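> Structure in structure tokens, see below.
The values are calculated or read from the model by the stated rules, or taken from the named source; none is laboratory data. Quick caveat: nothing in here was measured; it's all calculated off a predicted structure. We place every Cβ from the backbone using ideal geometry, glycine too, and count neighbours over all the protein chains shown. To get the accessible areas, we keep the full protein, side chains included, count just its heavy atoms, and leave off ligands, DNA and RNA. Shrake-Rupley method; radii C 1.70, N 1.55, O 1.52, S 1.80 Å.
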Amino acid sequence: MPIDAAKLRLSIPFFREIEPGLLARIVPFMFEKKFRKGQIIFLEGDEGDEIYFIGSGAVGIYTFDKAKKVTLAFLREGEYFGEMALLKPGLVRSATAETLMPTRLYALRKSDFQTLIEQDRNLAFHLLDYTMERLRKANQQIYDLTFLNVKTRIVKRLLLLGEEYGGTRIPVKITHQQLADMVGAARETVSKVLQELQDQGLIEIKDKTFRLIDPATLERKLLEDQ
Ligand code: CMP
């Protein structure tokens with residue numbers, strides 16, 4: 001089924017911010033892919049042949065150090081991934097991508113993506129803009145891991161997730177292990193801190209979804225510890 005440009009513009013900020021003419025040139029090359037929860041989209045080290053935009057659902061980006069899984073990012077509806085291995089010949093996937101819930105992706109093949117970039121340098125600039133934002137986030141993660149204690153990192157991550165979902169409810173299911181992977185901590189420590197926050201009436205966890213009951217106090221805790 002052909003992809004509807006208006007729908008794409010609505011759900012993916014990357015496409016909302018480019019000229020309609022450029023979007024109209026991209027859309028005919030795009031196709032949909034559907035995944036169940038917990039499916040591997042690609043593995044670190046694979047040859048990259050497509051870039052993906054998330055129409056609905058969520059994707060975890062991981063890398064492995066021996067047996068330990070390190071979470072680089074949790075991407076959700078509207079975000080894209082898989083561009084890094086497409087820009088230069090010989091590059092492979094820098095990380096593994098796995099779905100965290102049923103997920104619908106809009107895909108673009110490497111050859112089409114490269115042709116489109118060569119034809120319109122605005123697309124390259126636009127990608128660069130998003131890449132800078134990712135670098136900024138990665139730098140912040142390095143800072144947090146270096147200077148913040150585990151509890152503060154957990155509180156900060158919960159506040160950020162709440163913000164990303166536009167409120168106090170985090171509608172996706174997050175396990176203690178996933179949260180531990182996100183903040184670079186042991187699962188046991190995360191469970192202990194979450195219990196503490198629940199006992200203090202600051203958060204509520206039901207069926208692995210979080211609600212921030214008192215974001216103002218959480219915010220204060222963050223500032224005190226920083
Ligand atoms: P690629 O290397 O093709 O495959 C893995 C993808 O994960 C990569 O492209 C990026 O799109 C994405 N990725 C890698 N590192 C990060 C990060 N720190 N933050 C967000 N996305 C990332």
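> Name the single residue, out of those in the stretch 101-116 being closer than 16 Å to Ala73 by Cβ and surrounded by 21 or more Cβ atoms within 10 Å (Cβ to Cβ), that is nearest to the ligand (Cβ to nearest atom). Spell out how you get there, then give the answer.
First, the residues of the stretch 101-116 that are closer than 16 Å to Ala73 by Cβ: 101, 103, 105.
Still in the running and surrounded by 21 or more Cβ atoms within 10 Å (Cβ to Cβ): 103, 105.
On the way: Thr103: 15, Leu105: 12 Å.
Checking each candidate, the answer is Leu105.
> Output the residues belonging to the stretch 24-80 that are open to solvent by 60 Å² or more (accessible area, probe 1.4 Å) and of a type in the set (A, V, I, L, M).
Ala24, Ile40, Leu43, Ala67, Leu72
> Let me ask something else about it. Restricting to the stretch 37-53, give me the number of residues that are within 16 Å of the ligand (Cβ to nearest atom) and either in the same structural domain as Thr175 (by TED's automatic domain parsing) or under 18 Å from the mean Cα position of the chain (by Cα) (or both).
10
> Checking Gly184 against (1) without any contact (Cβ under 8 Å) to a residue 60 or more places away in the chain; (2) within 16 Å of Leu160 (Cβ to Cβ), only one condition comes out false. Which one?
Among (1) without any contact (Cβ under 8 Å) to a residue 60 or more places away in the chain; (2) within 16 Å of Leu160 (Cβ to Cβ), Gly184 violates only (1).
> Related question: One residue is enough: does the stretch 13-36 have a residue meeting the conditions within 11 Å of the ligand (Cβ to nearest atom) and either under 18 Å from the mean Cα position of the chain (by Cα) or part of a loop (DSSP other than H, G, I, E, B) (or both)?
No, the stretch 13-36 contains no residue that is within 11 Å of the ligand (Cβ to nearest atom) and either under 18 Å from the mean Cα position of the chain (by Cα) or part of a loop (DSSP other than H, G, I, E, B) (or both).
> Sticking with this one: What is the one condition in (1) within 25 Å of Val70 (Cα to Cα); (2) in the same structural domain as Thr99 (by TED's automatic domain parsing) that Leu194 does not satisfy?
All conditions are met except number (2).
> Here is a further query. Can you find a residue in the stretch 81-94 that is open to solvent by 60 Å² or more (accessible area, probe 1.4 Å), in contact (Cβ under 8 Å) with a residue 12 or more places away in the chain and of a type in the set (Lys, Arg)?
no
> Also, quick follow-up: Does any residue in the stretch 125-147 that is over 16 Å from Phe81 (Cα atoms) come within less than 7 Å, Cβ to Cβ, of a residue that is open to solvent by less than 90 Å² (accessible area, probe 1.4 Å) six or more places away or on a different chain, and which pairs are these?
Partner pairs satisfying both residue conditions: Asp144/Arg153; Asp144/Lys156; Leu145/Gly184.
> For Thr146, indicate whether it is surrounded by 12 or more Cβ atoms within 10 Å (Cβ to Cβ) and either at pLDDT 95 or above or in a helix (DSSP H, G or I) (or both).
For Thr146, the condition - surrounded by 12 or more Cβ atoms within 10 Å (Cβ to Cβ) and either at pLDDT 95 or above or in a helix (DSSP H, G or I) (or both) - is not met.
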